[in-house]
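To start, the structure itself, in structure tokens.
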Amino acid sequence: MTRPNDITGGSDMDVHRLLDQAFAGIEMTLERQDLKEEMRANLMARVAELEAGGLAGGAAARRAVEELGDVHAIVDGTEPAATTSAAPWQHQRVRPRPDFVLRTVLLSALGVAGLAVLALAATAGGVPLGGQVAAVLGVAVAAGAVTADALCQETTSNHPMPGRRAAGYGVGALLAVAGLGGGWLYLRDGGMGWVIGGAVSVLVAVGLLSYLGATQTNRHKEWVVRMQESHAAVGNRFAEDPAAAARFGVYTAVTWLLAIVGFVVLTLTAGWVWSWLAIVGGVVIMMIMLARMLFVPRPE
């Protein structure tokens, strides 16, 4: 005749075996080990209830494990909440596309090669003017293409920019670098055409980039906007306390008045080199004062 203790011991072994099989393939951590032990205790309690209802030990263990469900899903469902609270951006992370990385590397190599040619022309010489012009164009094209391509990509915090607007930013970057290259070629060749062309390129680039920046809409994703709103809710003490803002203004004026006087005195006595210590001291005092007055601990 089988004793009750033997039946109970057999069902416990079945619970251990079935639970180990359910956790097969899952990498164990301290949190998952605690979860497994909690499941084991619940399964044993459920098996005892089923055995009290007349179900055999092995069948009761299998029934309890079946009622538990998919262990992998349970383990996965218990972890995201803690991870999200620790770092919300990790679940929103967008990895760069391989083709974008490849294009960026190739274009960067083109830009570095152009800069190497220009550096060689500046140090050793012997590079013909046509080679220097080609190097400048290579650097400008690489800068513009990388800028436009990068803005078209989705990132962790931003949606991709429309193609035409991204191309506009790329053209602006190309013209700006080409304008700087025109100044470089003027220094190497001496032709006024390089200065005029470079100045026109820079002016067009400034106008284009200014227009694009002024008409730029928000590209931030919703989770970034929510985070910015939560940070904005902290408030600005100077906006909430005009008296504190007024005191800070007076203290700043006095600090810089003393710094200017100290600058003049040190210039006349110790010399020009040491006189800048007064300006550095004024900046340090103002930063400390700003930190003390703007970020005041608030009573709970």
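The values are calculated or read from the model by the stated rules, or taken from the named source; none is laboratory data. The structure presented is a predicted model; accordingly, all values stated were derived computationally and were not measured. We place every Cβ from the backbone using ideal geometry, glycine too, and count neighbours over all the protein chains shown.
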Original post:
What are the residues in segment 208-228 that are among the hydrophobic types (A, V, I, L, M, F, W, C) and surrounded by 11 or more Cβ atoms within 10 Å (Cβ to Cβ), if any?
Top reply: Leu208, Leu209, Leu212, Trp223, Val224, Val225, Met227
**OP:** Go through the residues of segment 117-135 one by one and say whether even a single one is buried (at least 18 other Cβ atoms within 10 Å of the Cβ) and within 29 Å of the chain's Cα centre (by Cα).
**Re:** no
Original post:
Among all residue pairs at least 6 apart or on different chains, which show Cβ distances below 9 Å where the first residue, located in segment 22-33, is in a loop (DSSP other than H, G, I, E, B) and the second is exposed (fewer than 14 other Cβ atoms within 10 Å of the Cβ)?
Top reply: Phe23/His72; Gly25/His72; Ile26/His72
Subject >> Index of the failed condition, Ala113 passing every other in (1) aliphatic (A, V, I, L, M); (2) free of Cβ contacts under 8 Å to residues at least 24 places away in the same chain; (3) assigned to a helix (DSSP H, G or I); (4) in contact with a helix residue (DSSP H, G or I) (Cβ under 8 Å, 6 or more places away or on another chain) >> reply: (2)
Subject >> Pair list, Cβ under 7 Å, 6 or more apart: segment 142-159 residue in contact (Cβ under 8 Å) with a residue 40 or more places away in the chain, other residue among the aromatic types (Phe, Trp, Tyr) and in a helix (DSSP H, G or I) >> reply: Asp149/Phe100; Gln153/Phe100; Thr156/Trp89
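In the list Ala60, Ala81, which residue meets the criterion of being within 30 Å of Gln21 (Cα to Cα), modelled with pLDDT under 90, among the small types (Gly, Ala, Ser) and in contact with a Ser or Thr (Cβ under 9 Å, 6 or more places away or on another chain)? Break it down into steps so the answer makes sense when it comes.
Working: Ala81 fails: in contact with a Ser or Thr (Cβ under 9 Å, 6 or more places away or on another chain).
Among Ala60, Ala81, only Ala60 is within 30 Å of Gln21 (Cα to Cα), modelled with pLDDT under 90, among the small types (Gly, Ala, Ser) and in contact with a Ser or Thr (Cβ under 9 Å, 6 or more places away or on another chain).
Kindly evaluate Val146 against the criterion of being loosely packed, with under 13 Cβ neighbours inside 10 Å, outside any loop (DSSP other than H, G, I, E, B), β-branched (Val, Ile, Thr) and within 22 Å of the chain's Cα centre (by Cα).
Details: loosely packed, with under 13 Cβ neighbours inside 10 Å: no; outside any loop (DSSP other than H, G, I, E, B): yes; β-branched (Val, Ile, Thr): yes; within 22 Å of the chain's Cα centre (by Cα): yes.
So Val146 does not fit the description; no.
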**OP:** Mind listing whichever residues of segment 192-228 are more than 16 Å from Val171 (Cβ to Cβ) and in contact (Cβ under 8 Å) with a residue 24 or more places away in the chain?
**Re:** Arg219, His220, Lys221, Trp223, Val224, Met227
